[in-house]
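Bear in mind that the values in this text are calculations on the coordinates, not laboratory data. As the structure is a computational prediction, the values presented were derived from the model and not from experiment. Neighbour counts run over all protein chains shown; Cβ positions are idealised from the backbone, glycine included.
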Amino acid sequence: MENIMQIKDLKTYFDNTNVLKGVTIDIPKHEVTSIIGPSGTGKSVFLRTLNRMNDVISTFRKEGTILLDGEDIYDSKVDVVDIRKRVGMVFQKPNPFPKSIFENVAYGMRVHGAYKKAQLQEVVESSLKNAALWDEVKDDLDKSAMSLSGGQQQRLCIARTIAVEPEVILMDEPCSSLDPISTTKIEDLIHKLKNDFTIIIVTHNMQQATRVSKYTAFFLNGTIVEKGLTDKIFIEPEDKRTEDYITGRFG
Amino acid sequence: MNRMIPPKYAQKIMNVVFWAVGILAIAILVMVIGYLLYVGLPQVNLTFLFSDPIDNGAAGGIWPSIVSTFYITIVALVVAAPLGVLAAVYLAEYSGENTFVKTIRFATETLASVPSIVFGLFGLAFFVVYLQMGFCILAGGLTLALMAIPTILRTSEVAIETVPQSYKEGSMALGSSKWQTVIRVVIPAAIGGITTGIILGMARAIEETAAILYTVGATTTVPVSLFDGGDPLPLHLYTLATEGISLPNAYGTAAVLVILILVITFSTNYLVERYTKKMMGR
Amino acid sequence: MAKKHPRTSFNERLNELKDDMGDMGDSTLIAYKDAISTLFNYDEELVKKVTETGEKINKMSYLLENKSMSTIAAEQPVAKDLRFIESSLKVESHLKRIGNLAVNIVEVARHLKDEDVPEKPMNDIKKMAYLVEKMVSKSLDSFLNENMDLSRELHQEDDEIDDLFDKALKDITQTMFEDKDAINYMVYLIFLARFLERIADRAESIGDRTIFMITCEKP
């Protein structure tokens, strides 16, 4: 098993507030890893540190290393734009741009310099197909992305992310604002996407973690209490705190 | 507290009051415009629109004034819109919050509340005399631009600030730089507000009299270059009315000015709305 | 710090399930004891009671399955809770089987009531019956109190039962050789020994279940 990302003793600070207190975890390639844990324990911060989204916050600082394919993503020689291209992100609330469906998916490629119509069309189509959205929107590519339903918008955001061919896709509670059917569709999608991408998903839905991921890490107060095979954690957790959390008795 | 009026009736009474206030506001607008058009429109015909004035406007038309207004507004916009919008982008997206930025904000607000005649005098001293432009369209346009910048800046800044953070994050997460995000996502998403700001600034420029009184001169011929003098509609109107040259023609000019402003406002509103609707999928 | 919260409805369901398991275990134990007692002191009333208890146990088993399914559907249990529910389903099926075997024992008792069974094989049966009772009660204890030590003791005791079973068979066959007329009722004694050995097996399985529930490992 190959690890695409290796996180070693990661500590993060906002001003002097210490959020992550030494997180060490390896992310296996082409697998789905779930991050679970109570609110405010640093799951989202962790995710946003992996694609350097926290860089925009001026008080943010981190210790420890994050390796992507063995390369430190916070190295001064590394271009942050390149990191975000390689580590894509899907957000909690679907956030398509107020543009057409086509332009939403083409956005990443345009930003990275692609302009040939034929090439854009090809990638837009394949990305939408990959995101299981093509059949629903193929006749309305010029329509605004805002006219789609919440579930469709989220799949569009996934299509937009895979269009730039990242290696890792971070998902921050991607189904928390969706209805059950849309949630199922996204979960099916995640299942399919893991063949080509590595996925790290933060979820508050424990069942979702058991359904979509092979590995799970339980975060509590900025540390990982337990990590390992999802089946193991949900049937036979080692730590009492993990047990209490996943059985819903605190958190 | 002893309730004098039962809540049910209080609600009804207040409904009536709010309706009345609303209707009053509309009524005033309709009255002013209606009266102007009622008195002014009879003067307006093709000859009035497209011929030169005779005897300083006592007779003849207002063609040179229409052209002057057009020119001077374009000059003001070409200068003020990019400056205002770029400054707004800087303040909303780049600057953060520090003393320098606070100073800029304070300066902008002060600038917005400076009386237009003061702008006019500044224009006279700086553009006309110091920069030796003389009384001309350029000097007038630049003076108007100075006046329009605060309006455009404030409105655009608010519009840019209301662009959801999630759009920007979505863009950044796809690997676009800050500048690409601003150009491709933030400004298009804020274009409605930005256009409104530009229109407000433009409306202010079109209707302004005092600021151009000392900068544009009062040449009653059609201006050809930027360095020609001009006689924009408000100034023409002002001269006609204050110097008692021709009150009917003053009304005619006013009617044309009002129609011009209405047309610009409505058509831009329509276009912006259509664009926003299309982008927001409504 | 995240705070504890009880998940009231879920806990109620789990407690109810545990109580039901206790009740079912008690009924099973009573059915077994009564059945054994009819062997030595045949009593028509008691026989009826055992049959009734057997039916009651069957009903309890269905109820328990239903409750477990609705708990799984409604609460999506994981970890310990999931293991407890899954084990309960297994254990209740063992208990149901023990109940049925108790009913089988009273059938045997009915056939034996008028016979004068020789003392030697009957003593073997008595010893087995006593040990099996201890095992059933111990298996219930181990499951309900999650006591793995008791579960492990059951292994030893099952071995003892196997030895006793072999001895009983030997004694029964010998009696058969000695008194050919006894064969037609001694056959029932073979059944009886077999039933007791089966019950002991079930008790041991309940113990094994308990170990699996706690450790997730094959005992």
Pick out which of B:Met133, B:Met202, B:Met147 has the largest mean-square fluctuation in a Gaussian network model of chain B, springs linking Cα atoms closer than 10 Å.
-> B:Met133
Global form of region A:35-102, assessed from the alpha-carbon gyration tensor, a/c cut-off 1.5 = oblate
Calculate, for A:Asp239 and C:Tyr62, the FRET efficiency according to 1/(1 + (r/R0)^6) with r their C-beta to C-beta distance and R0 30 Å; round to the nearest 0.05.
-> 0.20
DSSP loop GluC sites (Glu not before Pro) with at most 15 other Cβ within 10 Å: longest gap in chain A | A:3-237
Nitroxide proxy distance, nm - points 7 Å out along Cα→Cβ at C:His111 and B:Val222 | 12.7 nm
Past 24 Å, Cα to Cα, is the threshold; run A:Lys11/A:Lys43; C:Lys90/C:Lys134; A:Lys194/A:Lys232; A:Lys192/B:Lys168; A:Lys29/C:Lys218 against it and keep the listed order.
-> A:Lys192/B:Lys168; A:Lys29/C:Lys218
Comparing A:Gln152, A:Gln121, A:Gln92 in a Gaussian network model of chain A (Cα, 10 Å), the one with the largest mean-square fluctuation is A:Gln121
Tell me, what is the FRET efficiency for C:Lys120 and A:Asp179 to the nearest 0.05, using R0 = 51 angstrom and their Cβ-Cβ distance as r?
-> 0.10
Lys, Arg +1 and Asp, Glu -1 on Cβ, resulting dipole of chain C about Cα centre, debye, nearest 20 | 980 debye
Expressed as a whole number of Å, what is the distance separating the alpha-carbon centroids of region C:52-111 and region B:202-269?
-> 96 Å
Taking the Cβ of B:Ala190 as the center, what net charge do the other residues with Cβ under 11 Å away carry, scoring Lys and Arg +1 and Asp and Glu -1?
-> -3
Considering only B:Ala20, B:Ala58, A:Gly222, whose Cα is most displaced toward the positive end of the charge dipole of the protein assembly as shown, charges sitting on Cβ of Lys, Arg (+1) and Asp, Glu (-1)?
-> B:Ala58
Report the one residue of C:Leu164, C:Cys216, C:Met148 whose Cα lies farthest in the direction of the positive end of the charge dipole of chain C (charges on C-beta: Lys and Arg +1, Asp and Glu -1; origin at the Cα centre).
-> C:Cys216
Once every DSSP H run of n ≥ 4 in chain A is given -39500 (n - 2.57) and the sum is divided by its residues, what mean residue ellipticity at 222 nm do you get, rounded to the nearest 500 deg cm²/dmol?
-> -10500 deg cm²/dmol
Unit charges on C-beta of K, R, D, E only; dipole of region B:44-280, Debye = 780 debye
Residue separation times 0.36 nm, minus the C-alpha to C-alpha distance between A:Lys192 and A:Leu229: what's the value?
-> 11.4 nm
Stretchable slack from C:Asn41 to C:Lys18, in nm (0.36 nm times residue separation minus alpha-carbon distance) | 4.9 nm
Can you name the helices of chain C, as whole DSSP H runs, whose Cα span along the helix axis is 30 Å or more and whose Kyte-Doolittle mean is not below 1.6?
-> none
Low-density loop cleavage sites - trypsin sites (Lys or Arg not before Pro) in region B:1-48, where at most 14 other Cβ are within 10 Å (DSSP) = B:Arg3
Evaluate the charge dipole of the protein assembly as shown about its Cα centre and quote only its size in Debye, nearest 20, assuming +1 on the Cβ of each Lys and Arg and -1 on the Cβ of each Asp and Glu.
-> 3060 debye
For chain A, build the charge dipole from Cβ charges (+1 Lys, Arg; -1 Asp, Glu) around the Cα centre, then report which of A:Pro96, A:Met171, A:Gly37 sits farthest towards its positive end.
-> A:Pro96
Stretched out fully, how many nm does the piece from B:Leu24 to B:Val158 gain, at 0.36 nm a residue minus the Cα gap?
-> 45.3 nm
Here FRET efficiency (C-beta to C-beta, B:Leu131 to B:Val32, R₀ 41 Å, nearest 0.05) is 0.60
Simple spin-label estimate for A:Val56/A:Asp15, 7 Å along Cα→Cβ, in nm, reads 2.1 nm
The exposure ranking of C:Lys48, C:Lys18, fewest beta-carbon neighbours within 10 Å first, is C:Lys48, C:Lys18
Report, in order of residue number, the helices in chain B meeting two criteria: a C-alpha extent of 15 Å or more along the helix axis, and a mean Kyte-Doolittle hydropathy of at least 0.5; treat each whole DSSP H run as one helix.
-> B:7-40, B:63-89, B:137-161, B:187-207, B:247-280
